[in-house]
Amino acid sequence: MNPTPAIDYQQQRFTYQPCLEQTRPADAAVHPVVVIGAGPVGLVTAIDLARQGIRVVLVDEDDTLSSGSRAICFAKRTLDIFDRIGCGQRMVDKGVGWNRGKVFLREEAIYEFDLLPECGHARPAFINLQQYYVEGYLLEQARQHSLIELRWKSRVSAIAHHADHEALTVETPEGSYLLKARYVVAADGSRSPLRKMMGLESVGHTFRDRFLIADVKMAAPFPAERWFWFDPPFHPNQSVLLHRQPDDVWRIDFQLGWDADPVLERTPERVIPRVQALLGKDAQFTLEWVSVYTFSCVRMDRFRHGRVLFVGDAAHCVSPFGARGANSGIQDAENLAWKLAFVLQGKAPDSLLDSYASEREFAADENLLNSTRSTDFITPKSAVSRCFRDAVLALAHEHAFARRLVNSGRLSLPATLHGSLLSSADSAPFHGAMQAGAPCTDAPVLTDTIPGWLLPHLGDQFVAMIFAPPASLSAALLPALVRLTEGGLPLRLLFVSGAQASAEDHTVLSALGDGAVQVQDIEGLVAQRYDGQPHTCYLIRPDQHVCARWRTVDAAALAQALQRATGHEPAAQPAPVPDAACYLCMT
Amino acid sequence: MSLNTAPNLARPDDFYEALIEMHRGLDDATSQDVNARLILLLANHIGGHEVLIEAMQRARAGVDPAVSTALAEAA
């Protein structure tokens, strides 16, 4: 299935090459964007910028990809983003897809969940895939873009702010040089050197607990599900988490407690008996990776500092329960990329970048809230917290209500960007989840009788999704729609209809220009999930979030919402933010 | 609905005796555990978030005003 033979991404080394700044400094100009850090978030940022037509320099301090066991769970929303940037299928082909999880108390399964209970989605709720594969595939994708210049062994050691650019000092094996950029994206990880250079902090709290990660290679009979144990007989009084990864590798997280010795606990003499206790004395396995870690829930106060934008772990960190680290970082990347492109291309004011910060700070708070709650349950901070946790677990045997309180991680869902200044308020009642700020959900469609999915038709430009066959639009509306598709803020038209496109539809589509497309809502799921009635119209952002919707197709309203969505016009009334409890509808 | 603090117990003296009796023979740690289970069972029975938060505020009132304020915000 894989287009390339198996590559050991952990062993790959990349060649440092001197750049223009070093060889012909006189010719070096100010770059539009420099991205620091070639991890998953930096790579997605670079690819997404290149897709928008922006030239990117991506610098990384070493010459390798990730190694060992780091991010492993990639959520549906992330897979949708990988699809959009062109490498989703490789990830899914290699990854282990899963939708279900089980929570055990001692030996009994007390709680099960299905994260994708409905049909009609291209992608599963999650795949498990080692971070080095994700980075490897993203890197190969990045290399197909001539607009991306990768610079290995290039460590940023200083930053100087100027009125119209940032000047980065970059250290290389051949000495240092100055790298200038209009905007800098800091994707340099949880310890973000750039954040420290700028005297900024990421604050919150660190949990007093230690966890052992053991990746073991074995043939095992467990299904591809997330299994979490509280107080199992093989590891009493602590928790254990089991995930299946590709290549017959299983990731096991053992909770150790704060007093555990991190050096001693990672020795094979200590690890092997713990794994044997889980798998049985005779189990055949090899240790692929062992580490002991603690974790924090922290974030920067602001993700934007002038021309520097912080993304991913550099901006915010969560505990691993809930898979909200890499997944939220990749959502940061796609939120930022189109906005940076619009600003650099003169299609939007610089203030559009403020919405990156406010939207993703909001999303980070949601992730931190969920992650902190899970961690407080798994690692109670006080005697009384422990007492209630144990009481919940004790009651969970018998009582369904207590099972609902058991929190082994509320798994990553993309944030609905409530209160975004880029959104326009509804002017008519709508049902369902696809409110302004929501990430678009998928559904099956037919295009010229070929089965496919809705999300690829949304692409990465602004789209007006109209629930009507093109021939049903009034003739007077067509010139106004054509003007929108040809304007300074180009808009693509997507028609969703229950029936197949007619000859009249094709005539109108060709009059509307090359970008106009009609799809058939073959199972009625697009209309159902978007509450699409005849002539309902959605405006969708390049990052596939809803920004406005109407019950009629109104070119003037579309134009106005497009202005607002690109930061040209402040929203009169941002939508109210619901209280935190509403976010926790999952599991 | 707000928290009912008017007399509402069907058999107040019997209730109180049963509450104390529930802990008979238990050490403090086990009593804590039983109390926690009781709170969870009763909270689920009540269900309404605002009522539960108001009860927490009343329980905490006077011990630490800052926490009462935080609870009010959580409502």
Condition test on A:THR375, is it buried (at least 19 other Cβ atoms within 10 Å of the Cβ), touching a Ser or Thr at 6+ places or on another chain (Cβ under 9 Å) and not assigned by TED's automatic domain parsing to the domain that holds A:ALA548? yes
Looking at the range A:221-239, is at least one residue touching an Asp or Glu at 6+ places or on another chain (Cβ under 6 Å) and either outside any loop (DSSP other than H, G, I, E, B) or of a type in the set (A, V, I, L, M) (or both)? no
Within the range A:234-271, the residues that are surrounded by 16 or more Cβ atoms within 10 Å (Cβ to Cβ) and of a type in the set (Val, Ile, Thr) are A:VAL240, A:VAL249, A:ILE252, A:VAL271
Can you confirm whether the range A:545-554 contains a residue that is small (Gly, Ala, Ser), outside any loop (DSSP other than H, G, I, E, B) and touching a residue at least 60 places away in the same chain (Cβ under 8 Å)? yes
Would you mind stating whether A:GLY329 is without any contact (Cβ under 8 Å) to a residue 24 or more places away in the chain and in the same structural domain as A:ARG70 (by TED's automatic domain parsing)? no
Tell me the strands (runs of 3 or more DSSP E) entirely within the range A:136-180 that contain at least 2 residues that are at pLDDT 95 or above and hydroxyl-bearing (Ser, Thr, Tyr). A:166-172
Among residues of the range A:513-538, those that are assigned to a helix (DSSP H, G or I) and either modelled with pLDDT under 95 or of a type in the set (D, E, K, R) (or both), counted: 1
Tell me, which residue of the range B:49-73 that is hydrophobic (A, V, I, L, M, F, W, C) and surrounded by 15 or more Cβ atoms within 10 Å (Cβ to Cβ) is farthest from B:ASN4 (Cα to Cα)? B:LEU71
Residues (free of Cβ contacts under 8 Å to residues at least 12 places away in the same chain, in a helix (DSSP H, G or I) and within 14 Å of another protein chain (Cβ to nearest Cβ)) located in the range B:1-34: B:ASP28, B:ALA29, B:THR30, B:SER31, B:GLN32, B:ASP33
Quick one: A:LEU417 ticks every box in (1) at pLDDT 95 or above; (2) surrounded by fewer than 19 Cβ atoms within 10 Å (Cβ to Cβ) except a single one, so which number is it? (2)
How many residues of the range A:242-277 are small (Gly, Ala, Ser) and closer than 21 Å to A:ALA220 by Cβ? The answer is 1
Hey, B:LEU71 away from chain A (no Cβ under 12 Å), part of a helix (DSSP H, G or I) and either over 27 Å from A:GLU398 (Cα atoms) or touching a strand residue (DSSP E or B) at 6+ places or on another chain (Cβ under 6 Å) (or both) or not: yes
Report the residue count in the range A:416-463 for those that are within 25 Å of A:GLU486 (Cβ to Cβ) and of a type in the set (Gly, Ala, Ser). 3
Surrounded by 21 or more Cβ atoms within 10 Å (Cβ to Cβ) and among the hydroxyl-bearing types (Ser, Thr, Tyr) - does that describe any residue in the range A:203-220? no
Index of the failed condition, A:GLY409 passing every other in (1) closer than 17 Å to A:PHE228 by Cβ; (2) in contact (Cβ under 8 Å) with a residue 24 or more places away in the chain; (3) touching a helix residue (DSSP H, G or I) at 6+ places or on another chain (Cβ under 6 Å); (4) surrounded by fewer than 22 Cβ atoms within 10 Å (Cβ to Cβ): (4)
Looking at this structure, is B:LEU38 in contact (Cβ under 8 Å) with a residue 40 or more places away in the chain and either surrounded by 10 or more Cβ atoms within 10 Å (Cβ to Cβ) or under 13 Å from the mean Cα position of the chain (by Cα) (or both)? no
Out of the range B:35-66, which residues are of a type in the set (Val, Ile, Thr) and either touching a Gly at 6+ places or on another chain (Cβ under 7 Å) or away from every other protein chain (no Cβ under 13 Å) (or both)? B:VAL51, B:VAL63
Give me a count of the residues in the range A:348-373 that are over 19 Å from the mean Cα position of the chain (by Cα) and over 19 Å from A:SER408 (Cα atoms). 6
Answer yes or no: is there a residue in the range A:243-250 that is farther than 16 Å from A:THR286 by Cα and either of a type in the set (D, E, K, R) or without any contact (Cβ under 8 Å) to a residue 12 or more places away in the chain (or both). no
Qualifying strands (runs of 3 or more DSSP E) (wholly inside the range A:249-342; at least 2 residues being under 23 Å from A:THR372 (Cβ atoms)): A:249-255, A:286-293, A:296-300
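The values are calculated or read from the model by the stated rules, or taken from the named source; none is laboratory data. Not measured: the values here are computed from a predicted model. All Cβ positions, even for glycine, are placed from backbone atoms using ideal geometry, and neighbour counts span all protein chains on display.
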